[in-house]
Amino acid sequence: MSVKRPNLAVNIAGIQLRNPVMPASGTFGYGEEYAAFFDLKRLGAIITKGLSLNAKAGNPMPRIAETTSGMLNAIGLQNVGIDAFVAKKAPYYRGLDTPVIANFFGNTLDEYGEVARRLADVPEVTGLELNISCPNVKQGGIVFGTDPRAAAEVVSLVRKQNDKPLIVKLSPNVTDITVIARAVEEAGADAISCINTLTGMAIDIRTRKPKIANRTGGLSGPAIRPVAVRMVHQVVQAVKVPVIGIGGIMTASDALEFLIAGARAVQVGTANFVDPTAMLSIIDGIESFLVEEGLEDVNQVIGSLTT
């Protein structure tokens with residue numbers, strides 16, 4: 001007698017995912033790069049590398065440094081630009097049968113709005129992930145994601161330009177992440193993903209120089225997971241929209257922490273650099289956990305934290 005496999009499907013703001021696991025933006029290219037390692041149809045969704053209005057070459061080398069239980073990066077959001085993405089990258093997704101969520105950013109409100117407008121009519125893109133961890137060059141360099149008014153303003157503008165499901169990715173580099181979460185929800189976010197990387201710095205003690213050319217960079221990996229789980233739990237309590245958990249997920253157990261804390265899905269980042277098939281192991285591990293616990297549906301785990 002065969003055992004019935006548990007249901008892994010989840011819904012994020014109207015986007016139906018076959019399972020709650022997807023890559024974090026910037027760790028999976030545009031998706032096609034990983035097709036040689038496994039069938040992309042196994043993922044819940046694909047999150048693209050961050051897209052900007054114009055192509056970006058990124059920061060000078062070195063721009064990645066390994067740290068204790070993690071990595072520091074300052075890639076500089078290198079990407080092909082929105083027009084090249086639409087013309088050369090998006091066609092690959094046709095017939096893939098996996099939702100594609102386009103991550104994007106801008107340095108000004110106008111740039112955010114224009115990229116959102118150009119993504120509106122791209123049929124291969126199911127939803128958007130708005131990166132607000134970028135400086136507003138017209139407002140003295142303030143980062144959109146650290147000021148609730150600026151965050152709400154950019155979300156509101158994007159919402160007017162594009163009616164696809166909108167996920168807003170939050171920065172952890174704030175005093176109270178729930179203030180930002182409520183602001184973007186009220187401005188029109190359909191879901192929230194958190195956290196982006198923590199700002200960090202590493203120094204080569206022999207050369208007395210920073211290990212990355214940008215001096216500071218984003219810290220990711222297992223070192224930040226407890227902080228990420230805490231912030232996800234806080235955001236889940238503060239908003240009504242679905243939350244996607246990000247931060248140092250290397251195993252199924254790591255992912256389950258976020259789901260139990262209330263995240264509806266998770267994104268895997270640094271683990272993809274260590275093992276290109278890490279997400280498959282995480283998906284299989286979640287399924288095995290459900291079987292072991294006698295659960296029929298992953299949604300029975302989501303938000304099951306007890307105190």
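The values are calculated or read from the model by the stated rules, or taken from the named source; none is laboratory data. Everything numeric here is computed off the predicted structure, so don't read it as measured data. Positions of Cβ are backbone-derived with ideal geometry, glycine not excepted, and every protein chain shown enters the neighbour counts.
Counting only strands (runs of 3 or more DSSP E) that fall entirely inside the stretch 1-80 and contain at least 1 residues that are surrounded by fewer than 21 Cβ atoms within 10 Å (Cβ to Cβ) and in contact with a Phe, Trp or Tyr (Cβ under 7 Å, 6 or more places away or on another chain), no element qualifies. If only residues of the stretch 126-149 that are part of a loop (DSSP other than H, G, I, E, B) and in contact with a Phe, Trp or Tyr (Cβ under 8 Å, 6 or more places away or on another chain) are counted, the one that is modelled with the lowest pLDDT is Cys134.
Of the residues making up the stretch 163-182, those that are more than 19 Å from the chain's Cα centre (by Cα) and touching a residue at least 24 places away in the same chain (Cβ under 8 Å) are Asp163, Val179. Taking Gly248, is it in contact with a Lys or Arg (Cβ under 6 Å, 6 or more places away or on another chain) and either among the β-branched types (Val, Ile, Thr) or crowded, with 17+ Cβ neighbours inside 10 Å (or both)? So Gly248 passes the test.
Of all the listed residues (Val168, Val154, Val143, Val158), the sole one being within 23 Å of Val266 (Cβ to Cβ), in contact with a strand residue (DSSP E or B) (Cβ under 8 Å, 6 or more places away or on another chain) and not charged (D, E, K, R) is Val168.
Only a single item in (1) of a type in the set (A, V, I, L, M); (2) more than 22 Å from Ile15 (Cβ to Cβ); (3) not in a helix (DSSP H, G or I) is not met by Leu96, and it is number (2).
Counting just the residues of the stretch 261-307 that are polar (S, T, N, Q) and touching a residue at least 60 places away in the same chain (Cβ under 8 Å), which one comes out farthest from Phe37 (Cα to Cα)? The qualifying residue farthest from Phe37 (Cα to Cα) is Asn299.
For the stretch 9-23, how many residues are out of contact with any Asp or Glu (no Cβ under 9 Å at 6 or more places or on another chain) and closer than 16 Å to Ser281 by Cβ? Selection size over the stretch 9-23: 4. Check whether at least one residue in the stretch 254-262 is surrounded by 15 or more Cβ atoms within 10 Å (Cβ to Cβ), of a type outside the set (D, E, K, R), more than 17 Å from the chain's Cα centre (by Cα) and within 13 Å of Pro20 (Cα to Cα), and report yes or no. Yes, the stretch 254-262 contains a residue that is surrounded by 15 or more Cβ atoms within 10 Å (Cβ to Cβ), of a type outside the set (D, E, K, R), more than 17 Å from the chain's Cα centre (by Cα) and within 13 Å of Pro20 (Cα to Cα). Across the stretch 94-124, the qualifying residues are those that are hydroxyl-bearing (Ser, Thr, Tyr) and within 19 Å of the chain's Cα centre (by Cα), and the one among them that is surrounded by the fewest Cβ atoms within 10 Å (Cβ to Cβ) is Thr98.
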